[in-house]
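Working notes, beginning with the structure itself.
The values are calculated or read from the model by the stated rules, or taken from the named source; none is laboratory data. This structure is a prediction, so every number in the text was calculated from the model and none was measured. Here the Cβ positions follow ideal geometry from the backbone for every residue, glycine too, while neighbour counts run over all protein chains shown. Heavy atoms of the whole protein, side chains included, go into the accessibility calculation; ligands, DNA and RNA do not. Shrake-Rupley method; radii C 1.70, N 1.55, O 1.52, S 1.80 Å.
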Amino acid sequence: MILKLSPDYDYLGHARLAAEHGVSALTAINTVKGLRLDPETGEPLLKNGFGGLSGRAIKPIGLRVVKELRDAGVTLPIIATGGIRTFDDCREYFWAGADAVSLGSASWFASYPGYALSPLHAARIRGLLRRIEGYQPPARPAR
Ligand SMILES: Cc1cc2nc3c(=O)[nH]c(=O)nc-3n(C[C@H](O)[C@H](O)[C@H](O)COP(=O)(O)O)c2cc1C
C-alpha cells in the first residue's frame, strides 16, 4: 500500500502514521489546493470552488515536502511527483530524498495544437524513463 501525501495537510504526521501502520511507501505530493475567481463577478472559476494546482509551479513545494519528510526522519520509500518534466527535475528530487519519480502533468497536458505532436512527446518521455532507469541516485545518509 502506498499513501499519497497532500502538501496542504499534516504530511509529516500522516507519514509517521503510515510508517506505524505498515504502509509500504509514500507518494509526495498530490496537487496543491488553489482558487481562481472571475475578476468581474468574484465567482469561483471552478464549480467546486477550489481546485488542484499541478505542474511546474508546484515543483519547489514538492521538493520542500520530500526534504522535510527526510529531515523529520521518515525512512519509508518516497515516490516523488510534482512538476517533474526533465532529467534534472528527477535529479533534484533524488537529492531531496526521493527513491523514485513519477510524471503527472508532463505526460498528460499539452496545448491543444500540441496534441498533434504527441508521438514526439511520448518519445521524449520514453527517453527520460530510460535515462532515469539507468541513473544511480545519490546515497542517503543512514538514519
Ligand atoms: C487532471 C489531473 C487528475 C489527477 N487525478 C488524480 C487522482 O485521481 N488521484 C491522485 O492521487 N492524484 C491525481 N492527480 C494528482 C497527480 O497524480 C500528481 O500528484 C500531481 O498532479 C502533481 O504532479 P505533476 O505536477 O507531475 O502533475 C491528478 C492531477 C491532475 C492534473
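In the range 80-102, which residues are closer than 19 Å to ARG56 by Cβ and outside any loop (DSSP other than H, G, I, E, B)? Steps first, answer last, please.
Looking only at the range 80-102, we keep the residues that are closer than 19 Å to ARG56 by Cβ, and these are 80-96, 98, 101-102.
Of everything in the range 80-102, those that are closer than 19 Å to ARG56 by Cβ and outside any loop (DSSP other than H, G, I, E, B) turn out to be ALA80, PHE87, ASP88, ASP89, CYS90, ARG91, GLU92, TYR93, PHE94, TRP95, ALA96, VAL101.
Only residues that are part of a loop (DSSP other than H, G, I, E, B) and either touching a residue at least 24 places away in the same chain (Cβ under 8 Å) or not small (Gly, Ala, Ser) (or both): list them for the range 103-123, please. First the steps, then the outcome.
Applying the first criterion (part of a loop (DSSP other than H, G, I, E, B)) to the range 103-123 yields 103-104, 109-111.
The answer is LEU103, GLY104, PHE109.
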Looking at the range 102-112, is at least one residue under 22 Å from LEU5 (Cβ atoms) and in contact with a strand residue (DSSP E or B) (Cβ under 7 Å, 6 or more places away or on another chain)? yes
In the range 130-139, which residues are open to solvent by 100 Å² or more (accessible area, probe 1.4 Å) and touching a residue at least 40 places away in the same chain (Cβ under 8 Å)? ARG131
Considering the range 72-95 alone, what residues qualify as being of a type in the set (A, V, I, L, M), within 16 Å of the ligand (Cβ to nearest atom) and within 16 Å of LEU5 (Cα to Cα)? ILE78, ILE79, ALA80
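Picking from ARG36, ARG56, ARG70, ARG64, which residue would you name as being more than 24 Å from CYS90 (Cβ to Cβ) and either surrounded by 12 or more Cβ atoms within 10 Å (Cβ to Cβ) or touching a residue at least 40 places away in the same chain (Cβ under 8 Å) (or both)?
Numbers: ARG56 fails: more than 24 Å from CYS90 (Cβ to Cβ); ARG70 fails: more than 24 Å from CYS90 (Cβ to Cβ); ARG64 fails: more than 24 Å from CYS90 (Cβ to Cβ).
None of the others qualify; the one that does is ARG36.
Among the listed residues GLY82, GLY127, identify the single one that is open to solvent by less than 60 Å² (accessible area, probe 1.4 Å) and closer than 22 Å to ASP8 by Cβ.
On the way: GLY127 fails: closer than 22 Å to ASP8 by Cβ.
Answer to the selection: GLY82.
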ALA100 surrounded by fewer than 18 Cβ atoms within 10 Å (Cβ to Cβ), within 16 Å of the ligand (Cβ to nearest atom) and either basic (Lys, Arg) or in contact (Cβ under 8 Å) with a residue 12 or more places away in the chain (or both): yes
Taking VAL101 and the conditions (1) modelled with pLDDT of 95 or more; (2) out of contact with any Cys (no Cβ under 8 Å at 6 or more places or on another chain), which numbered condition does it fall short on, given that it satisfies the others? (2)
For residues that are open to solvent by 90 Å² or more (accessible area, probe 1.4 Å) and within 13 Å of the ligand (Cβ to nearest atom), tally how many sit in the range 1-33. 3
Residues of the range 60-85 satisfying the condition of being at negative phi and more than 13 Å from the chain's Cα centre (by Cα): GLU68, LEU69, ARG70, ASP71, ALA72, VAL74, THR75, LEU76, PRO77
